[in-house]
Amino acid sequence: MTQVLKRVFVYGTLKRGEPNHIWLTTKENGVSQFVAKGKTVAKFPLVIGTRYNIPFLLNKQGVGHQIEGEIYEVDDNMFARLDVLEDYPKYYDREPQVIVTEHNETLDCWLYLIRKFPESMLEKPLLTSYHNTPEQAYSENYADSTADDLFNDD
Ligand code: PCA
């Protein structure tokens, strides 16, 4: 049976050139195909937060900017691996959102977002696009912390 692929919109560390992109290219994780670059139709606050410099798309639609990212089609195995990376549903949640591609098509895609966050997160710079930099380097050593711990020690 051929498998129905799911569309995922990535805006953070899963993008090309960013620290977790390897999850999408590791064959053992399953199938992923790049579709197009795109941006959310809705505005969202995208911030870099905690001492681990994690990109967070906060669930507060209408605040911030349309967020730039990349669309991938993934099989169920890859989708399950991404859920592990994002610690869904404990840490990031996910929901379908409308994405407009660089070719002006609109596509429904899954995206990961944070539903429970301290209001102080909204005082950080609201980004249009995430990029990992040495000045604010992403660290994956947050694996042992819960979302609440992470936000508390920010
Ligand atoms: N990875 C996911 C969500 C945030 C992150 O770092 C992404 O790139 O879309």
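The values are calculated or read from the model by the stated rules, or taken from the named source; none is laboratory data. Quick caveat: nothing in here was measured; it's all calculated off a predicted structure. We place every Cβ from the backbone using ideal geometry, glycine too, and count neighbours over all the protein chains shown. SASA here: full protein model, heavy atoms, side chains in, ligands and nucleic acids out. Shrake-Rupley method; radii C 1.70, N 1.55, O 1.52, S 1.80 Å.
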* Neighbourhood charge, 12 Å Cβ-Cβ cut-off, centred on ASP93 and excluding it, Lys, Arg +1 and Asp, Glu -1 -> 0
* **Qualifying trypsin sites (Lys or Arg not before Pro) for the stretch 1-100 [loop in DSSP, other Cβ within 10 Å: at most 13]** => ARG16, ARG51, LYS90
* Asked: Amide H to amide H, which residues 5 or more places from GLY49 or on other chains are under 5 Å from it, using H placed in the peptide plane?
  -> ILE54, PHE56
* Asked: Rounded if a/c is under 1.5, else prolate if a/b beats b/c, else oblate: with a ≥ b ≥ c from the C-alpha gyration tensor eigenvalues square-rooted, which is the stretch 73-133?
  -> oblate
* Using 0.36 nm per residue, how much length does the chain from VAL100 to THR128 gain when fully extended, once their Cα-Cα distance is taken away? -> 8.6 nm
* **Whole-Å distance, taken between Cα centres, linking the stretch 1-37 and the stretch 73-119** => 11 Å
* To do: Per residue of the stretch 111-126, in order, report the coupling 6.51 cos²θ - 1.76 cosθ + 1.60 (Karplus, θ = phi - 60°) as ³J(HN,Hα) in whole Hz, putting x for Gly and Pro.
  => 9, 8, 8, 9, 8, 10, 8, x, 3, 4, 4, 6, 8, 6, x, 8
* Out of PRO96, PRO125, PRO134, any idea which swings most in a Gaussian network model of the chain, alpha carbons joined below 10 Å? -> PRO134
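Treating the beta-carbon of each Lys and Arg as +1 and of each Asp and Glu as -1, no other charges, what is the dipole magnitude of the chain about its Cα centre, to the nearest 20 debye? Could you put the intermediate results ahead of the total?
Values: 16 positive and 24 negative charges, 75 e Å.
Charge dipole of the chain: 360 debye, to the nearest 20.
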* Structure fact -> Counting only protein heavy atoms with a 1.4 Å probe and every protein chain in place, the carbon and sulfur fraction of the accessible surface of the stretch 33-154 in whole percent equals 45 percent
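Would you calculate the volume per residue, in Å³, of the smallest convex hull containing every Cα atom of the chain? It would help to have the intermediate numbers written out before the result.
Values: hull volume 17.3 nm³, N = 154.
Each residue corresponds to 112 Å³ of Cα convex hull volume.
Any idea what the relative contact order of the chain is, in percent, if you count C-alpha pairs under 8 Å spaced at least 6 apart?
Working: 304 pairs, mean separation 47.8, N = 154.
Answer for the chain is 31 percent.
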